[in-house]
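First up is the structure itself, then whatever we jot down about it.
The values are calculated or read from the model by the stated rules, or taken from the named source; none is laboratory data. Note that the structure is a prediction, hence the values are computed from the model and not measured. Cβ placement follows ideal geometry from the backbone for every residue including glycine, while neighbour counts extend to all protein chains displayed. SASA here: full protein model, heavy atoms, side chains in, ligands and nucleic acids out. Shrake-Rupley method; radii C 1.70, N 1.55, O 1.52, S 1.80 Å.
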Amino acid sequence: MKRIAIEEAFVTPEIATEWKKVLGSPDVEPGFAKMGESILADTPGNALLHSRLLDIGNGRIAHMDEIGIDMQVLSLTSPGVQVFHPDLATRLAADANDALAEAVRAAPSRLAGLGAIAPQDPAAAAREIERIKSLGLLGLIVNSHTFGEYLDGPRNAPIFEAMEATGLPMYLHPREPAPSIVMPFLDYGLYFAGWGFAVETGLHAMRLIMSGTFARFPKLKIILGHMGEGIPFWLQRIDNRYLLQVKIGAVEKLPCLPSEYFLENFVITTAGVTSMAALRLSIDVLGAERILFAADYPYEDDAEAVRFLDGAVLTERERELVSHENAERLLALS
Ligand code: MN
């Protein structure tokens, strides 16, 4: 069965170099500083990861052949350009999108891409979304907060207007928790992918829902990785406690329930999760048509992700949807 993996990471040499400058500066964000000490550190243990991130050509495709991935949908890896000052971020996002579009043009049956934007400058980001569309990329990626700011703020309306105008979905991808909340995550590795990333990114998604963003921009499509960053598990309780808050006048009533926005405006991916219990719950809550395969290469073991997908207790129809059909429909592939 055809397998399309849609949260697959790369980096450009220039962005990797600029990250090092930020990591060496005294005002680096505390969460990003931790990344500099862990998976971004130049250590022998990270050498293979870093070389794989930089390869968006033949080496990557040879690896896909070996593992059994038909197509990778690539995106600039976290935190992308979101740690740079606005002008540099805007330029580097455009350069990364050009490099990605070139890689896709060289292997259009094997690679597709989601373009980067710099939310630091929403007007420039909106222009870049138009360019992403014209480059033939299929959506965009945002790595959660940008200097502690979330996308629900009114200044980001141009980004959502451009998404609706182009029809491009946004992958809301994790990064370390924002500076205002990161302190208790800095111990015990909690800031990282096993917990802090999901707290941060789930919070971001919930801010979009509860702020009424989807009431204002009903056509938005948001992709969440890591089995929905925990939200499918909580959805019934989110509705229940929202309704109580509305009843006592503590929050404003939205036109739809939080769960209705989640079902209408979000899809989720399996990135980094190989638990049948989590997949079953997600299918039961959301339906198999809202769940897409992802391997999170090169951070996760993509061979294990393929084994999980192939061995998952699914109907053949569900397996087709998750393996490739949902991605083809969402991203207008083939
Ligand atoms: Mn990822």
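So here's what we get for this one:
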read-out: Leu281-Leu263 pseudo-label distance in nm [points 7 Å out on the Cα-to-Cβ vector]; value: 1.9 nm
read-out: Whole-Hz couplings from phi, Karplus 6.51/-1.76/1.60, listed for the stretch 50-66; x for Gly and Pro; value: 5, 5, 5, 4, 7, 8, 10, x, 5, x, 5, 5, 4, 5, 4, 4, 5
read-out: FRET efficiency, 1/(1 + (r/R0)^6) with R0 45 Å, evaluated for Glu320 and Lys253 via beta carbons; value: 0.70
read-out: Solvent-accessible area, 1.4 Å probe, carbon plus sulfur percent, for the chain; value: 57 percent
read-out: Set of lysines with alpha-carbon distance to Lys133 below 28 Å, sequence-local pairs under 8 removed; value: Lys2, Lys219, Lys221
read-out: Positive-end extreme of charge dipole, the chain - chosen from Gly68, Val83, Ile283 (charges on Cβ); value: Ile283
read-out: Helix-only CD estimate at 222 nm, as mean residue ellipticity for the chain, using -39500 (n - 2.57) per DSSP H run (n ≥ 4); value: -14000 deg cm²/dmol
read-out: Difference of contour (0.36 nm per residue) and Cα-Cα distance, Ala332 to Ala123; value: 72.7 nm
read-out: Between the stretch 253-307 and the stretch 58-106, the alpha-carbon center distance in angstrom; value: 22 Å
read-out: Prolate/oblate/rounded call for the stretch 193-258, Cα gyration tensor, a/c under 1.5 rounded; value: oblate
read-out: Cα gyration tensor shape for the stretch 249-334, rounded if a/c is under 1.5, else prolate or oblate; value: prolate
read-out: Selected from Ala165, Ala178, Ala278 as most flexible by GNM, with the chain as the system and alpha-carbon contacts under 10 Å; value: Ala165
read-out: Equivalent-ellipsoid semi-axes of the chain, from the Cα gyration tensor, Å, largest first; value: 27, 25, 20
read-out: Computed over the stretch 191-310, the ratio Rg/Rh where both radii use C-alpha atoms and Rh is Kirkwood; value: 1.00
read-out: Dipole in debye (nearest 20) - the chain, about Cα centre, beta carbon charges: Lys, Arg +1; Asp, Glu -1; value: 720 debye
read-out: Proximal lysines to Lys20, defined as alpha-carbon separation beneath 16 angstrom and excluding residues fewer than eight positions away on the same chain; value: Lys34
read-out: The chain - share of DSSP beta bridges that are antiparallel (%, nearest 5); value: 5 percent
read-out: Binned Cα-Cα distance frequencies in the stretch 76-202 - 5 Å width, integer %; value: 2, 12, 20, 22, 18, 13, 8, 4, 1, 0
read-out: Computed lengthening from Asn46 to Leu190, 0.36 nm per intervening residue step minus Cα-Cα distance; value: 49.9 nm
read-out: Among Lys247, Lys221, Lys133: highest mean-square fluctuation, GNM of the chain, C-alpha pairs under 10 Å; value: Lys247
read-out: Average accessible area per residue (Å²) across the chain - probe 1.4 Å, nucleic acids and ligands excluded; value: 42 Å²
